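As C-alpha cells, the structure follows; a few thoughts come after it.
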Amino acid sequence: MAQEGIEFKFIPAYTPHFNGLAEAAVRSTKHHLKRLLQNTHLTYEEMATCLTQIEAVLNSRPLTPISTDPSDFSALTPAHFLIGRSLIAIPQPQIGDANITRLDRFKRIELIKQHFWSRFSLEYVNLLQQRVKWRSSTKELKLGSLVLVKERALPPLMWSLGRVMQLYPGSDGVSRVAELKTRRGTIRRAFNKICPLPDF
C-alpha cells in the first residue's frame, strides 16, 4: 500500500458521525432492514441470500465520478474497492405487492430485495441532495459534471447517471433545469430530480 501511495485515515473510536456519508448509509441500511424483516421468518439460507443481495445493492451505489470525460458515465462504487469493477445483476421482473407468506421462497427474497432497493435508492439520492444543498449552491452545477438521476422504475443495482450538457436559467437567472446526456439518450430534468456526485 505504501508503494502505491495509499494512506489510511481512521476516525476516533465511538465517533461514527465523523464518517459522514458512509455512516449515513449504515444507518439507512439498518433502518430499512428492521422494517423489512421485522415480521418475516426466513431460513438461514434465505437470510444469507437476502443479506448478500442487499450487500450488492449497497456496494453498487455511485460515490464519485471516475473521470471527467463527457462520454464516460461510470462512477466509482464500493464494489471497485472489493472486486475492481462495478456490480451487475440480471434484472428480475417486478413482483407486485402480494402477500409475502403465499409466495414461493425465491420470490420472497426477490420481493425483499426489490423493496429494499426502492427505499434505499431514493433515500440515497435524497441524502446526496441534502449534502449538496448545504455544501454548495445549485448555481454551481457545472457543464460536464456527472449527476445521479432520480428515477423510481429502475431495477436493483441500476443507477441512472448522466452528464450535464446544458443549463436552462429561469426568469430570475437561476438555473433550475438541466439537459443531461445518458446512456439511453438526452433527457431534461429539474434540479430536484438530479444530484451531482460529490468530488472527493
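A few remarks follow.
- The set of residues from region 67-93 being at pLDDT 85 or above, more than 16 Å from residue 160 (Cβ to Cβ) and β-branched (Val, Ile, Thr) comprises just one member, 83.
- Considering 40, 15, 64, the condition of being at pLDDT 80 or above and surrounded by fewer than 17 Cβ atoms within 10 Å (Cβ to Cβ) is satisfied by 64 alone.
- Among the residues making up region 96-117, those that are modelled with pLDDT under 75 and either aliphatic (A, V, I, L, M) or assigned to a helix (DSSP H, G or I) (or both) are 98, 100, 101, 102, 103.
- Going through (1) at pLDDT 85 or above; (2) over 30 Å from residue 45 (Cα atoms); (3) in contact with a Phe, Trp or Tyr (Cβ under 7 Å, 6 or more places away or on another chain) one by one, residue 149 falls short only on (3).
- Filter result for the condition that a residue is under 18 Å from residue 118 (Cβ atoms), charged (D, E, K, R) and not in a helix (DSSP H, G or I), over 85, 61: 61
- So residue 77, is it closer than 22 Å to residue 24 by Cβ, of a type in the set (Val, Ile, Thr) and out of contact with any His (no Cβ under 6 Å at 6 or more places or on another chain): yes
- Checking each residue in region 183-198 for being under 17 Å from residue 76 (Cα atoms), crowded, with 17+ Cβ neighbours inside 10 Å and of a type outside the set (A, V, I, L, M) picks out 195, 196.
- Residues located in region 158-172, provided they are of a type in the set (Gly, Ala, Ser), surrounded by 13 or more Cβ atoms within 10 Å (Cβ to Cβ) and farther than 25 Å from residue 59 by Cα: none
- Here region 44-63 is the region considered, the condition is being free of Cβ contacts under 8 Å to residues at least 24 places away in the same chain and of a type outside the set (Asp, Glu), and the residue that is farthest from residue 158 (Cα to Cα) is 44.
The values are calculated or read from the model by the stated rules, or taken from the named source; none is laboratory data. If you're wondering where the values come from, they're calculated on a predicted model, not measured in any experiment. Note that we place each Cβ from the backbone using ideal geometry, even for glycine, and neighbour counts take in every protein chain shown.
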